[in-house]
Amino acid sequence: MEYGFKTLAAGVVFIVVLLLQRAPVLVRATDPDPLQDFCVADLGSEVTVNGHPCKPASAAGDEFLFSSRLATGGDVNANPNGSNVTELDVAGWPGVNTLGVSMNRVDFAPVGTNPPHVHPRATEVGVVLRGELLVGIIGSLDSGNRLYSKVVRAGETFVIPRGLMHFQFNVGKTEATMIVSFNSQNPGIVFVPLTLFGSNPPIPTPVLVKALRVDAGVVELLKSKFTGGY
């Protein structure tokens with residue numbers, strides 16, 4: 001009996017070794033920690049990775065840690081929303097590549113809005129620099145689609161969890177400004193009205209008629225408002 005058991009065990013070991021020899025070799029090609037001080041994005045590289053490859057240190061210069069892009073805001077009357085977003089993600093600030101951070105400045109005309117939108121890849125933290133903004137965050141279906149909202153004034157802050165729909169609306173009588181930061185170098189943005197009514201190619205009207213429970217004429221009217229984009 002003992003001899004039979006040893007023979008069986010030896011056979012099992014042989015089969016396992018044989019399978020391991022034929023199995024593909026798994027190589028870990030990532031590291032959870034930074035491997036250099038900086039990785040300035042090479043935005044012109046043709047290499048495709050999740051992010052951007054690094055410029056050679058000799059070509060990075062010494063200004064990549066600094067930016068004046070958010071020092072001034074844009075024209076708040078440049079679009080029907082009455083707001084202007086100045087983005088400072090990796091495309092505009094290559095020095096944040098691999099660091100998992102970025103920022104935006106948003107300026108608002110009176111009654112201007114940053115319409116309902118979602119950042120699919122980042123949590124957002126913001127501070128109001130001037131004016132008064134109604135900040136609204138809509139919870140998921142798990143929360144009963146609850147709206148969390150508050151008027152946020154100069155010096156006050158807010159946080160928006162990743163992936164939740166939210167908006168800001170200027171409830172003051174003067175222009176307002178906020179600065180927001182993200183835990184992603186490229187947080188992405190999905191504007192809800194533009195996505196529904198200005199997609200390319202368009203979402204079929206019957207789909208929106210059913211989803212929104214309105215007549216086709218209403219859907220076509222809304223689509224006409226977003227043919228030019230944002």
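Values quoted throughout were computed directly from the atomic coordinates according to the rules given, and no laboratory measurement underlies them. These figures come from a predicted structure and were not determined experimentally. Positions of Cβ are generated from backbone atoms using ideal geometry, with glycine treated the same way; all protein chains shown enter the neighbour counts.
Some observations on this one:
- Gyration tensor (alpha-carbon) shape descriptor, region 91-188, a/c threshold 1.5: oblate
- Region 56-114, dipole about Cα centre (Lys/Arg Cβ +1, Asp/Glu Cβ -1), debye to the nearest 20: 100
- In straight-distance terms, cross-link reach from Lys173 covers every one of the aspartates and glutamates whose alpha-carbon lies under 14 Å from its own, apart from those fewer than eight places away in the same chain; here that gives Asp107, Glu132.
- Three-way shape call for region 122-163 based on the alpha-carbon gyration tensor, with the a/c threshold at 1.5: oblate
- With each label modelled as a point 7 angstrom along the Cα→C-beta vector, the Ser199-Asn50 pair spans 2.5 nm.
- The distance linking region 129-184 with region 64-93 is 18 Å (Cα centroid to Cα centroid, whole angstrom).
- Asn145/Leu35 FRET efficiency (R0 41 Å; Cβ-Cβ; nearest 0.05): 0.40
- Bridgeable lysines around Lys55 (alpha carbons under 24 Å apart, same-chain partners fewer than 8 residues away excluded) are absent.
- Anisotropy class of region 95-151 from Cα gyration tensor, a/c 1.5 cut: oblate
- When peptides 182-193, 34-45 are sorted by average Cβ neighbour count within 10 Å, with the highest value leading, the order is 182-193, 34-45.
- For region 138-230, the equivalent ellipsoid derived from the Cα gyration tensor has semi-axes of 29, 17, 15 Å, listed largest first.
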